[in-house]
Amino acid sequence: MSTQDAVCGGCACGAVRYELLGKPKFSFFCQCRQCQHLSGTGHSAAFLTDAQATTITGKLQFWDRTAANGNVVSQGFCPTCGSPVLNKNSGMADSFFVNAGTLDRPQELKPERVLYHDEAQPWDMLDPTKL
Ligand SMILES: [Zn+2]
Ligand SMILES: [Zn+2]
């Protein structure tokens with residue numbers, strides 16, 4: 001399926017592209033310390049997709065780490081431009097966590113929650129009451 005309504009995106013250089021069948025499931029901001037490192041800034045903005053319904057073209061490189069709960073989290077980034085495109089989590093193997101800034105139409109994201117607001121940096125002023 002490739003329609004004008006499809007949710008699509010990719011990395012900064014265009015080597016990695018994705019397309020979803022259907023809509024993102026859950027959209028959120030996360031201000032945890034790990035997302036600060038992995039995004040290189042104050043928080044991540046991401047959405048959940050059904051892995052089976054997500055077509056990826058191009059090659060992502062993955063960096064795996066073990067989270068505090070024992071799950072393996074794999075950070076997928078473009079090996080050419082370094083854009084963090086999506087994460088996988090062994091505890092939710094049928095889902096991808098896609099970084100919202102990679103969307104072709106990021107303005108359509110509707111974040112529902114701010115996660116780990118208590119780990120936010122004082123300069124990263126997201127207001128959970130204004131979503
Ligand atoms: Zn790239
Ligand atoms: Zn996080």
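The values are calculated or read from the model by the stated rules, or taken from the named source; none is laboratory data. Because the structure is a prediction, the values reported are computed rather than measured. Glycine gets a Cβ as well: all are built from the backbone with ideal geometry, and neighbour counts include every protein chain shown. In case anyone asks, the SASA skips ligands and DNA or RNA and just uses the protein heavy atoms, side chains included. Shrake-Rupley method; radii C 1.70, N 1.55, O 1.52, S 1.80 Å.
Computed quantities for the displayed model
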quantity	calculated
In Å², nearest 10: area of His43 left accessible to a 1.4 Å probe	50
Computed accessible area, Thr49, all protein chains, 1.4 angstrom probe, square angstrom	0
Debye log10 I(q)/I(0) at q = 0.26 Å⁻¹ for the range 35-109, Cα point scatterers	-1.50
Rounded to 5, the percent of DSSP beta bridges in the range 14-121 classed as antiparallel	90
Cβ-placed point charges (K, R +1; D, E -1), dipole of the range 14-121 about Cα centre in debye, nearest 20	100
DSSP-assigned coil residues among chymotrypsin sites (Phe, Trp or Tyr not before Pro) in the range 7-63, each with at most 16 further Cβ atoms within 10 Å	Phe26
Stokes-Einstein D (µm²/s) once Rh is taken as the Kirkwood radius of the chain over alpha-carbon pairs, at 37 °C in 0.692 mPa s	217
Accessible area, probe 1.4 Å, largest first, for residues Arg17, Arg113, Arg65	Arg113, Arg17, Arg65
For the chain: relative contact order, % (alpha-carbon pairs under 8 angstrom, 6 or more apart)	29
Å² per residue, accessible surface of the chain at 1.4 Å	58
Given Lys88/Lys110; Lys23/Lys130; Lys88/Lys130; Lys25/Lys110; Lys59/Lys110, the pairs whose alpha carbons are separated by over 19 Å	Lys88/Lys110; Lys23/Lys130; Lys88/Lys130; Lys59/Lys110
Cβ-derived FRET efficiency at R0 35 Å, Ala6 paired with His37, nearest 0.05	0.65
